[in-house]
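What follows is a short report on a single structure.
The values are calculated or read from the model by the stated rules, or taken from the named source; none is laboratory data. None of these values were measured; they are calculated from a predicted model. Neighbour counts run over all protein chains shown; Cβ positions are idealised from the backbone, glycine included.
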Amino acid sequence: MKKPVILLVEDNADDEALTMRALKKNNITNEITVARDGAEALDYLFGQGANAGRDTGMQPALILLDLKLPKVDGFEVLKKIRSDQRTKLLPVVILTSSKEQQDITNGYGLGANSYVRKPVDFQDFVEAVRQLGLYWLVLNEEPVPDSRSAP
Amino acid sequence: MTEPVNLEIVSNLSAERPARVARPPVGEGKFRALLEAAPDAMIIVACDGNIALVNAQTERLFGYSRHELLGNQVQMLMPARFRGVHPDHGEAYFSAPKIEVIGSGLDLYGLRKDGTEFPIEISLSPLETDDGLLVSAAIRDVTARKIAEEKMSQSEESFRLLVDGVKDYSILMLDPQGCVMSWNEGAQRIKGYTADEIIGEHYDRFYTPEAVAAGEPARELEMAQRNGRNESEGWRVRKDGSRFWADVVVTAVYDAKGQLRGFSEVARDITDRKKSQDDVSTLNESARKHAAQLEVVNRELEAFSYSVSHDLRAPLRSIDGFSSALVEDYGDKLDDQAKSHLKRIRAATQRMSQLIDDLLKLAFVTRSEMHTWTVDLSALANVIIAEFQKADPLRQVECVVHEDVIGRGDPLLLRSVLENLLGNAWKFTSKTPHAKIEFGSENQNGETIYFVRDNGAGFDMTYAGKLFGPFQRLHVTTDFPGTGVGLATVKRIILRHGGRVSAEGAVGNGATFSFTLDSNKGDTP
């Protein structure tokens with residue numbers, strides 16, 4: 001069975017490369033789809049724009065969401081995810097630079113499942129990604145797909 | 001009854017002047033009936049002053065029967081003090097007879113048979129007869145009217161005195177066109193004109209030229225007429241041209257028939273009150289501006305912090321991440337020197353990252369909202385020390401925390417104060433053989449002084465002033481790590497609490513940091 005996709009929403013190419021590296025170092029072999037701004041992320045999730053025609057029945061197993069993004073910011077993306085039947089139950093982990101209280105409060109307020117601050121120390125970052133992968137891709141039980149289409 | 005009266009006239013007149021028999025213009029009977037029907041006492045007097053005829057009202061009014069009156073001098077009905085005057089007046093009247101009312105304006109009195117006097121008004125009419133000129137006098141008792149007039153004038157007098165005596169209010173009457181009809185002392189004092197100068201003048205001269213040009217005086221009268229009264233505040237002008245801020249009430253005055261008689265204007269000089277109100281609102285305004293500016297600064301600081309928080313760390317992650325990747329991926333190609341360089345790069349990014357975090361903490365101290373509570377500082381200190389011990393289990397430090405040290409302030413910020421001060425003590429005793437840290441409070445002149453004391457590295461008092469400045473350090477990082485933000489944070493927090501902070505120490509002999517809190521602050525609701 002094909003491993004479900006991880007959607008990485010990240011505009012910084014360095015951070016993208018480092019995240020990929022950290023995932024690989026932790027043997028997380030899921031396919032990674034990268035959206036480089038909020039609009040791209042929404043297009044992917046809802047099968048629109050450049051992703052028109054994508055089967056929206058297939059949704060990522062995990063969304064790693066940065067907050068400061070061009071065009072549509074992370075909070076806006078999260079709001080849209082939580083207000084659409086197709087995506088509202090997807091696990092969303094905010095993965096960002098800041099630990100500003102207002103960001104954390106906003107993030108959880110809009111329905112984020114976790115809030116993780118990217119550590120500057122790469123070893124710490126690798127460890128954080130390892131724990132995230134272990135928790136969200138292995139330990140955590142997903143809701144059954146049927147409930148997604150429930151009204 | 002008719003005939004005898006008539007006979008009396010005839011007999012009396014004929015007795016005095018047989019040649020000139022009185023002949024009234026109507027028949028005798030009718031004339032007498034008219035006389036009796038008159039509401040007033042009627043007395044017909046001959047030119048010699050003798051009473052020729054009286055009616056029943058005369059008898060009732062003066063208390064004489066007509067027999068006692070007829071043929072006698074009319075002066076018997078006057079008080080003695082008028083008698084000397086009357087004959088002349090009488091003669092003058094007979095020489096130029098006309099219909100005349102006397103007694104209005106003069107105080108005339110009648111004299112009753114019993115000697116009492118009463119105020120009267122007399123109308124005299126000449127009566128031409130064949131026997132010569134007679135005078136008919138209609139006499140009215142005006143006692144009731146006099147009393148009423150007296151009362152009225154007393155009440156007017158006291159009203160007048162009242163209004164005149166008011167010094168703090170300008171009280172004046174205007175005619176329907178707005179011209180001044182009356183003036184009081186208050187008006188003179190406040191507006192500067194004497195009554196002579198102002199009565200008859202239009203009241204718009206009390207207004208500023210701008211107000212007059214804007215039609216304000218006319219509008220105020222119009223409003224008063226429409227609504228009964230009009231109250232306003234505004235600048236008014238004195239005689240000398242100076243201005244005062246007035247509180248003015250204009251009231252429309254109507255007579256009993258509902259006809260507009262004019263306006264009363266009551267005004268007060270409230271320049272002083274206006275000035276203090278203006279001062280207060282100026283103060284409020286400047287306080288409001290300050291608050292607004294502070295708000296702007298705070299918001300800018302917040303935006304700055306937010307941006308720092310998000311953007312400044314990302315490059316550090318890249319530097320650290322790719323340095324680490326270099327070592328991992330190309331370690332076999334790098335010599336020890338290269339690896340050492342990369343290690344230094346990574347250490348520097350860690351340090352930079354720590355600086356950014358501390359900087360953000362410092363900014364948070366300034367911009368965060370304060371909530372004041374009573375905080376158990378002893379308990380807080382114990383928790384913090386326990387955390388240090390847990391992170392550094394091998395350290396052996398004698399920690400003395402006084403019991404029941406209580407402070408009032410923001411729990412989060414006070415925690416930051418103790419974390420920094422105890423953290424410094426923990427850090428600077430790391431090379432001291434028998435490390436000791438003490439936290440407590442003491443009372444000095446009624447004020448609670450909190451202190452954190454250690455026997456660690458201490459510092460040179462020469463540089464004590466630098467201690468609380470941000471990024472100021474008295475030790476090299478290799479000896480004791482740190483960014484120099486901790487004490488700056490402590491100082492800001494203590495200042496925000498309205499307290500003071502100070503430090504004492506000596507190199508190698510430990511340090512004591514003391515602070516106070518403004519204990520007068522109430523709990524945050």
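A few comments on the model shown:
- Enumeration of residues in segment B:30-63 that are in contact with a Pro (Cβ under 9 Å, 6 or more places away or on another chain), among the small types (Gly, Ala, Ser) and at negative phi: none
- Qualifying residue in segment B:298-313 (condition: among the polar types (S, T, N, Q), within 8 Å of chain A (Cβ to nearest Cβ), within 30 Å of B:Gln350 (Cα to Cα) and in contact with a helix residue (DSSP H, G or I) (Cβ under 7 Å, 6 or more places away or on another chain)): yes
One line per residue, one yes/no per condition, for (1) surrounded by 11 or more Cβ atoms within 10 Å (Cβ to Cβ); (2) basic (Lys, Arg); (3) not assigned by TED's automatic domain parsing to the domain that holds B:Phe206:
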{"position": "B:Leu127", "(1), (2), (3)": "yes, no, yes"}
{"position": "B:Leu134", "(1), (2), (3)": "yes, no, yes"}
{"position": "B:Gln154", "(1), (2), (3)": "no, no, no"}
{"position": "B:Glu157", "(1), (2), (3)": "no, no, no"}
{"position": "B:Leu162", "(1), (2), (3)": "yes, no, no"}
{"position": "B:Gly165", "(1), (2), (3)": "no, no, no"}
{"position": "B:Met173", "(1), (2), (3)": "yes, no, no"}
{"position": "B:Cys179", "(1), (2), (3)": "yes, no, no"}
{"position": "B:Ser182", "(1), (2), (3)": "yes, no, no"}
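- Of everything in segment B:417-440 that is buried (at least 20 other Cβ atoms within 10 Å of the Cβ) and of a type in the set (Gly, Ala, Ser), the residue that is farthest from B:Ala503 (Cα to Cα) is B:Ala435.
- All told, A:Asp11 falls short of being surrounded by 17 or more Cβ atoms within 10 Å (Cβ to Cβ) and over 21 Å from A:Tyr115 (Cα atoms).
- Selected residue (only one of B:Glu197, B:Glu216, B:Glu220 is of a type in the set (Asp, Glu) and free of Cβ contacts under 8 Å to residues at least 24 places away in the same chain): B:Glu216
- Qualifying residue in segment A:113-125 (condition: among the small types (Gly, Ala, Ser) and either under 27 Å from B:Leu359 (Cα atoms) or modelled with pLDDT of 95 or more (or both)): yes
- Number of residues in segment B:451-503 that are without any contact (Cβ under 8 Å) to a residue 40 or more places away in the chain, assigned to a helix (DSSP H, G or I) and farther than 24 Å from B:Val400 by Cα: the value is 5.
- Odd one out for B:Phe364, checked against (1) surrounded by 14 or more Cβ atoms within 10 Å (Cβ to Cβ); (2) modelled with pLDDT of 90 or more; (3) not assigned by TED's automatic domain parsing to the domain that holds B:Gly486: (2)
- Matching entry among B:Leu360, B:Leu394 (being within 60 Å of the chain's Cα centre (by Cα) and of a type outside the set (Gly, Ala, Ser)): B:Leu360
- Test: residue in segment B:131-153 that is closer than 29 Å to B:Ala52 by Cβ, assigned to a helix (DSSP H, G or I) and of a type in the set (Ser, Thr, Tyr): yes
- Helices (runs of 4 or more DSSP H) fully within segment B:173-277 counting 1 or more residues that are over 24 Å from B:Leu162 (Cα atoms) and touching a helix residue (DSSP H, G or I) at 6+ places or on another chain (Cβ under 7 Å): B:209-213, B:216-227
- Residues (hydroxyl-bearing (Ser, Thr, Tyr) and in contact with a Ser or Thr (Cβ under 8 Å, 6 or more places away or on another chain)) located in segment B:312-337: B:Ser323
- Members of segment A:115-133 that are in contact (Cβ under 8 Å) with a residue 12 or more places away in the chain and farther than 17 Å from B:Ser323 by Cα: A:Tyr115, A:Val116, A:Arg117, A:Ala128, A:Val129, A:Arg130, A:Leu132, A:Gly133
- Residues (more than 14 Å from chain B (Cβ to nearest Cβ) and of a type in the set (Val, Ile, Thr)) located in segment A:91-120: A:Val92, A:Val93
- Some residue of segment A:12-20 being small (Gly, Ala, Ser) and without any contact (Cβ under 8 Å) to a residue 12 or more places away in the chain: yes
- Filter result for B:Ala325 (over 37 Å from the mean Cα position of the chain (by Cα), within 15 Å of A:Ser98 (Cβ to Cβ), hydrophobic (A, V, I, L, M, F, W, C) and in a helix (DSSP H, G or I)): no
- Residue in segment B:79-91 that is at pLDDT 85 or above, at negative phi and either of a type in the set (Asp, Glu) or touching a strand residue (DSSP E or B) at 6+ places or on another chain (Cβ under 8 Å) (or both) present: yes
- Only residues that are within 9 Å of chain B (Cβ to nearest Cβ) and either in a helix (DSSP H, G or I) or within 23 Å of A:Thr105 (Cβ to Cβ) (or both) were counted in segment A:121-144, giving 4.
- Selection of helices (runs of 4 or more DSSP H) fully inside segment B:27-82 by the criterion of at least 3 residues being within 18 Å of B:Leu124 (Cα to Cα) returns B:28-37, B:56-62.
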